[in-house]
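Here's a structure for you.
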Amino acid sequence: MSYSKTSIWQPMSSEVASLSIWGAFARQFMRHCKSLVGSPADAINPLLFFFMVVTLFPLGLGPDPQRLAGMAPGILWVVALLSSLMVSAKLFASDYEDGSLEQLAMAPYPLAVLVMGEVAAHWIATGVLLALVSPVFATMLGLSSAALPTLVASLMLGTLSLTLIGAVGSALTVSIRRGGLLLSLLIIPLNVPVLIFGTTAVSEAVIDGNTVSWLALLGGLALGSLALLPLAIGAALRVSLDN
Amino acid sequence: MQLLAANQVAIERGERRLLAGVDLSVSSGDIWQLVGANGVGKTSLLRAVGGLARLGVAGEITRHGTMLYLGHHAALKHNLSALDNLRFHPACDVICSDEDIISALAAVALAGYEDRPIGALSAGQQRRVALARLVLSSASLWLLDEPFTALDVDGCAWLEERIKQHVAAEGAVIFTSHQPSRFGELQQNLDLAAYVV
């Protein structure tokens, strides 16, 4: 094993191609995806949590299918919110510890765009996956099958908002030891509208009511979060790095 | 060409004032070593210069051109391979092909380690993966915090040679180290003891 003596510095090519901002976004996305594939526990834990809680409810509430089906929209949404809270607390923790955040902040691209690559990968691995698997859990609770498409759609839109809100909280608390409780206090109030719109959409679907307007509200929240929160995440990360 | 101008910079950490009145002007071809005892504020000054620390930094810092910062933490994901870590490195601003990365790893004596997960490498080897970025970056000003720690003799020689090449190619380097004047007459020292408040 030896260091190369003669060719220490060969410029990669005479004119080095610089990376576009979308290239940088895609790179962060791929980095996080690869990292999740390397340790899949981060994606599977929320699903396991979801599964455990959903199996515990019938034991606690009694096996009356009618009552379980009535409560299913609320149960499913509350558990989705809690599992999102659980994983978003750790969203930036490893990046902070291993110095990746410093390097992100030094990169000549807007921090808000780069972290969105990471948040997008996180959302797909947790939120989208949860939404796609949720019909299984919903059937375990006896939710009518007519409401399943609405459940999936509402979770898909809702977890996007939840992930973005959680990312702001995680960015703010990442430099604080045991910031978990503070994080929950910060972001649970912001999650409440998502929870209300989500449960109402699913409950409306059960009685064949008006689901579109509730889904539209969820979509509006998701788009609003997508427009504003990346800036907040970037700014919060800069503050967290600054000590 | 001037790459960095720091004018009357003062640094506070928490309630404590560390440094005041630091002037530093770095032009291409310069090697600056920040000198001082532990805790005097070498890392804080380096982070302030790089723009990572803003709160508690007073004074004027003007930056021209791109910078590369190498801190105590190497920004390597333990479950990714050396190749993937460099391919997806968050701060890289140029497009590097796999061949570029493999030859960069070969340059730091890690040929054949491309596909090993970082977690399976020793501390010194991880350090060398981080140093491979010095071959893959187009940044003109390097900010290196204790770059010689955990490196073997050959590694230190390689890094010295690489820094000399970088400044010969119109780059500049600011680094911290406890070993005095590695670069002899090529380097200039900024003794922070003079600015302690």
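The values are calculated or read from the model by the stated rules, or taken from the named source; none is laboratory data. Everything quoted here is computed from the prediction, not taken from an experiment. Neighbour counts are summed over all protein chains in view; Cβ atoms, including those assigned to glycine, are modelled from backbone coordinates with ideal geometry.
Only one of these is among the charged types (D, E, K, R) and closer than 30 Å to residue A:94 by Cα: A:204, A:118. Name it. First the steps, then the outcome.
On the way: A:204 fails: closer than 30 Å to residue A:94 by Cα.
Exactly one of A:204, A:118 is among the charged types (D, E, K, R) and closer than 30 Å to residue A:94 by Cα, namely A:118.
While we're on this one: Looking only at the stretch A:180-187, decide whether some residue is under 24 Å from residue A:47 (Cβ atoms), among the aliphatic types (A, V, I, L, M) and in contact with a helix residue (DSSP H, G or I) (Cβ under 6 Å, 6 or more places away or on another chain). First the steps, then the outcome.
First, pick out the residues of the stretch A:180-187 that are under 24 Å from residue A:47 (Cβ atoms): A:180, A:183-184, A:187.
Adding the requirement that they be among the aliphatic types (A, V, I, L, M) leaves A:183, A:187.
Those still in the list that are in contact with a helix residue (DSSP H, G or I) (Cβ under 6 Å, 6 or more places away or on another chain) too: A:183, A:187.
For the stretch A:180-187, residues under 24 Å from residue A:47 (Cβ atoms), among the aliphatic types (A, V, I, L, M) and in contact with a helix residue (DSSP H, G or I) (Cβ under 6 Å, 6 or more places away or on another chain): present.
From the list A:71, A:86, exactly one residue is among the hydrophobic types (A, V, I, L, M, F, W, C), over 22 Å from residue A:125 (Cβ atoms), assigned to a helix (DSSP H, G or I) and touching a residue at least 40 places away in the same chain (Cβ under 8 Å). Which is it?
Values: A:86 fails: over 22 Å from residue A:125 (Cβ atoms).
Step by step, each of A:71, A:86 is checked, and only A:71 is among the hydrophobic types (A, V, I, L, M, F, W, C), over 22 Å from residue A:125 (Cβ atoms), assigned to a helix (DSSP H, G or I) and touching a residue at least 40 places away in the same chain (Cβ under 8 Å).
In this structure, does residue B:55 turn out to be modelled with pLDDT under 90, within 11 Å of chain A (Cβ to nearest Cβ) and on the phi < 0 side of the Ramachandran plot? Before the answer, list the steps.
Details: modelled with pLDDT under 90: yes; within 11 Å of chain A (Cβ to nearest Cβ): yes; on the phi < 0 side of the Ramachandran plot: yes.
It is true that residue B:55 is modelled with pLDDT under 90, within 11 Å of chain A (Cβ to nearest Cβ) and on the phi < 0 side of the Ramachandran plot.
Here's something else I'd like to know. Report, by residue number, each residue of the stretch B:70-86 that is over 27 Å from residue B:174 (Cβ atoms) and more than 7 Å from chain A (Cβ to nearest Cβ).
Result: B:78, B:81, B:83.
While we're on this one: How many residues does the stretch B:82-126 hold that are under 15 Å from residue A:103 (Cα atoms) and out of contact with any Pro (no Cβ under 6 Å at 6 or more places or on another chain)?
Taking the stretch B:82-126 and keeping what is under 15 Å from residue A:103 (Cα atoms), we get B:85-94.
Keeping just the survivors that are out of contact with any Pro (no Cβ under 6 Å at 6 or more places or on another chain) gives B:85-92, B:94.
Counting residues in the stretch B:82-126 that are under 15 Å from residue A:103 (Cα atoms) and out of contact with any Pro (no Cβ under 6 Å at 6 or more places or on another chain) gives 9.
Scan the stretch A:125-137 and tell me whether some residue there is crowded, with 24+ Cβ neighbours inside 10 Å, more than 14 Å from chain B (Cβ to nearest Cβ) and of a type in the set (Val, Ile, Thr).
Among the residues of the stretch A:125-137, at least one is crowded, with 24+ Cβ neighbours inside 10 Å, more than 14 Å from chain B (Cβ to nearest Cβ) and of a type in the set (Val, Ile, Thr), which makes the answer yes.
Here are some conditions: (1) away from every other protein chain (no Cβ under 14 Å); (2) surrounded by fewer than 18 Cβ atoms within 10 Å (Cβ to Cβ); (3) not hydroxyl-bearing (Ser, Thr, Tyr). Residue A:68 meets all but one. Which one does it not meet?
Failed condition: (2).
On the given criteria, is residue A:102 acidic (Asp, Glu) and crowded, with 19+ Cβ neighbours inside 10 Å? Outline the logic, then answer.
Values: acidic (Asp, Glu): yes; crowded, with 19+ Cβ neighbours inside 10 Å: yes.
Yes: the conditions hold for residue A:102.
Sticking with this structure for a sec: Please go through the stretch B:59-69 and pick out each residue that is among the hydrophobic types (A, V, I, L, M, F, W, C) and more than 9 Å from every other protein chain (Cβ to nearest Cβ).
Residues of the stretch B:59-69 that are among the hydrophobic types (A, V, I, L, M, F, W, C), as a first pass: B:61, B:67-68.
Across the stretch B:59-69, the qualifying residue is only B:61.
Next up: If you take the residues of the stretch A:39-65 that are surrounded by fewer than 17 Cβ atoms within 10 Å (Cβ to Cβ) and of a type in the set (Gly, Ala, Ser), which of them is nearest to the other protein chains (Cβ to nearest Cβ)?
A:39
Those residues that are in contact with an Asp or Glu (Cβ under 8 Å, 6 or more places away or on another chain) and within 14 Å of chain A (Cβ to nearest Cβ), I need them from the stretch B:13-46; list them, please. Give the derivation first.
First, the residues of the stretch B:13-46 that are in contact with an Asp or Glu (Cβ under 8 Å, 6 or more places away or on another chain): B:18, B:28-29, B:35-36, B:42-43, B:46.
Answer for the stretch B:13-46, where residues must be in contact with an Asp or Glu (Cβ under 8 Å, 6 or more places away or on another chain) and within 14 Å of chain A (Cβ to nearest Cβ): B:18, B:43, B:46.
While we're here: Listed residues A:170, A:175; which is over 23 Å from residue A:221 (Cβ atoms), in contact (Cβ under 8 Å) with a residue 60 or more places away in the chain and in contact with a helix residue (DSSP H, G or I) (Cβ under 7 Å, 6 or more places away or on another chain)?
None of the other options fit; the residue is A:175.
When you check residue B:33 against the structure, is it in contact (Cβ under 8 Å) with a residue 60 or more places away in the chain and closer than 24 Å to residue B:178 by Cβ, yes or no? Break it down stepwise before answering.
Numbers: in contact (Cβ under 8 Å) with a residue 60 or more places away in the chain: yes; closer than 24 Å to residue B:178 by Cβ: yes.
Spelling it out, residue B:33 is indeed in contact (Cβ under 8 Å) with a residue 60 or more places away in the chain and closer than 24 Å to residue B:178 by Cβ.
Continuing with the same structure: Starting from residues that are among the acidic types (Asp, Glu) and assigned to a strand (DSSP E or B), keep the ones in the stretch B:141-197 and report whichever is farthest from the chain's Cα centre (by Cα). Give the steps one after another, and end with the answer.
First, the residues of the stretch B:141-197 that are among the acidic types (Asp, Glu): B:145-146, B:152, B:154, B:160-161, B:170, B:185, B:191.
Add one more test, that the residue is assigned to a strand (DSSP E or B), and what stays is B:145, B:191.
Numbers: B:145: 5, B:191: 18 Å.
If we take residues in the stretch B:141-197 being among the acidic types (Asp, Glu) and assigned to a strand (DSSP E or B), then B:191 is farthest from the chain's Cα centre (by Cα).
Mind checking whether some residue in the stretch B:93-112 is closer than 27 Å to residue B:45 by Cβ, in contact with a strand residue (DSSP E or B) (Cβ under 8 Å, 6 or more places away or on another chain) and at the interface with another protein chain (Cβ under 10 Å from one of its Cβ atoms)?
yes
Cβ contacts < 8 Å: first residue among the acidic types (Asp, Glu), restricted to the stretch A:34-46; second residue outside any helix (DSSP H, G or I), any location; separation 6+ or different chain. Result?
A:42/A:90
List the helices (runs of 4 or more DSSP H) that sit entirely inside the stretch A:106-189 and contain at least 1 residues that are within 27 Å of residue A:68 (Cα to Cα).
Numbers: elements: A:111-123, A:129-140, A:148-173.
Here the list reads A:129-140, A:148-173.
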